[in-house]
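Input: a single structure, listed below in structure tokens.
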Amino acid sequence: MKKIPLTAIGIALAIMVSGCVVAPRGVYHDPYRQDQVLIQVAPPPPQVEVIGVAPYVGHIWLGGAWFWEGGRHIWHPGHWEAPRPGYVWMPHHWEHDGQSWHFREGYWNRHH
């Protein structure tokens, strides 16, 4: 039986307990915002979406966007949604900052 030095076991245990996460290449976390993932891979151009007729009168189209999932860009298609009185839809978008990209998910903003 092969003996494993206690230091190797201790290091492995420390890594497992610490919750160490290895991010895919091209990704790093903003040290100032724990929830912010910075991507160093530019998103592809938006896909062309065929926007049909709204299912109900007054519904609005919320356009699709590239989301970062599993270490790559994944297209989420747009969809129709009922409007929210007093709110305006702020669409998903990517912001370029130097060598990194920040994804800003769309949201309903109170109309002033």
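Each reported figure results from applying straightforward, stated rules to the coordinates on display, with no laboratory input. Source: prediction; values computed, not measured. Note that each Cβ is placed from the backbone with ideal geometry, even for glycine, and that neighbours are counted across all protein chains shown.
Can you pull out the residues in the range 53-111 that are of a type in the set (D, E, K, R), outside any strand (DSSP E or B) and over 20 Å from the mean Cα position of the chain (by Cα)?
The answer is Arg84, and nothing else.
What number of residues within the range 80-106 are of a type in the set (Ser, Thr, Tyr) and exposed (fewer than 14 other Cβ atoms within 10 Å of the Cβ)?
Matching residues across the range 80-106 total 1.
Which numbered condition in (1) out of contact with any Ser or Thr (no Cβ under 9 Å at 6 or more places or on another chain); (2) part of a strand (DSSP E or B) is the only one that Leu38 fails?
Result: Leu38 passes all but (1).
Scan the range 95-112 and report the pairs whose first residue is over 24 Å from Arg84 (Cβ atoms) and whose second residue is surrounded by 12 or more Cβ atoms within 10 Å (Cβ to Cβ) and among the charged types (D, E, K, R), with Cβ atoms within less than 6 Å and a gap of 6+ or a chain change.
none
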